[in-house]
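Working notes, beginning with the structure itself.
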Amino acid sequence: FGVVEPDPEKIQPGEEGIGTLVRIIDPKGNSLANIIVGATEKDNPKHRFVRIPSQDIVYIVELDVAPLTTEFTKWIEPDLLKLSSTDIQTLGIRDYSILTTNQGAVLSPNFDADVSFTTTDGKWNADSIRIREGANSTPRVLTDSEQLNATKLNEIRNALDSLRIVDVRRKPKGLAANLKAENALLEDRESLSAMIRRGFIPQKGQDGSTEIFASSGELLATLNDGVQYLVRFGNTTGESSETKAEPKEGEA
């Protein structure tokens, strides 16, 4: 019947007839119901053999096992930001580089640009552009012969609308729920290494707080209802959604 409970302490390697244990729990982790789903009935593919773990009786039930998939994308909302590109009113581009030195990672800012989209004429406007060199920044004003690259800005806006979640990683220890770095993060070598490997560099500021910078810069997107998203871009994963994910520090 294929309803042997998949208990690693009881089953032996190569043992046949192992079923799929389905456990339903409440928000506190308390078990509400358990059932072992086994093989398909030979004469009716819609019927499955099932058994309650604490009982020996095997039942035949009509059961659609499709919702019982363990495929990650079937259990989440894949639309990361859940926004429409037409709702984006302003973009803030924070372009900087992370340089590796003997003293560690160093932030090298390039420029900050804030642009806004006017729906009445369908044009992008340069609200503020500042060229940054270290702690200094210089305003950059477009000349009469210059204009913003509307095609690229529209591509950015559409890309934000198209962002999809394909996998997750457990956040390292020392990274608070609001994704602000705690000082303990800088003291935990394993967690710090996990962040840097993915292109996110924690650095302590002058006020004593720890800020996280990204190897590929940041993007601020403000919607017409006032909601603002900050997207930090780390290293590329080098894998598609079909390839196997890298080993995780913990299950997510």
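The values are calculated or read from the model by the stated rules, or taken from the named source; none is laboratory data. Not measured: the values here are computed from a predicted model. Cβ: placed from backbone, ideal geometry, glycine included. Neighbour counts: every protein chain shown.
Pairs are defined by a Cβ separation below 6 Å, a sequence spacing of at least 6 or placement on different chains, a first member in region 45-65 that is farther than 13 Å from THR20 by Cα, and a second member that is exposed (fewer than 14 other Cβ atoms within 10 Å of the Cβ) and modelled with pLDDT under 95; the pairs so defined are GLU62/LYS46. Of all residues in region 50-74, exactly one satisfies the criterion of being touching a Ser or Thr at 6+ places or on another chain (Cβ under 8 Å) and either modelled with pLDDT of 90 or more or under 30 Å from ASP225 (Cβ atoms) (or both), namely THR73. Checking each residue in region 86-128 for being in a loop (DSSP other than H, G, I, E, B) and either surrounded by 14 or more Cβ atoms within 10 Å (Cβ to Cβ) or of a type in the set (Gly, Ala, Ser) (or both) picks out only GLY122. Here is the figure for region 129-139: residues that are modelled with pLDDT of 90 or more and either closer than 19 Å to LEU223 by Cβ or surrounded by fewer than 16 Cβ atoms within 10 Å (Cβ to Cβ) (or both) total 4. Condition first: part of a loop (DSSP other than H, G, I, E, B), of a type in the set (A, V, I, L, M, F, W, C) and more than 30 Å from THR70 (Cβ to Cβ). Can you find one or more residues in region 139-146 that meet it? Yes, region 139-146 has at least one match.
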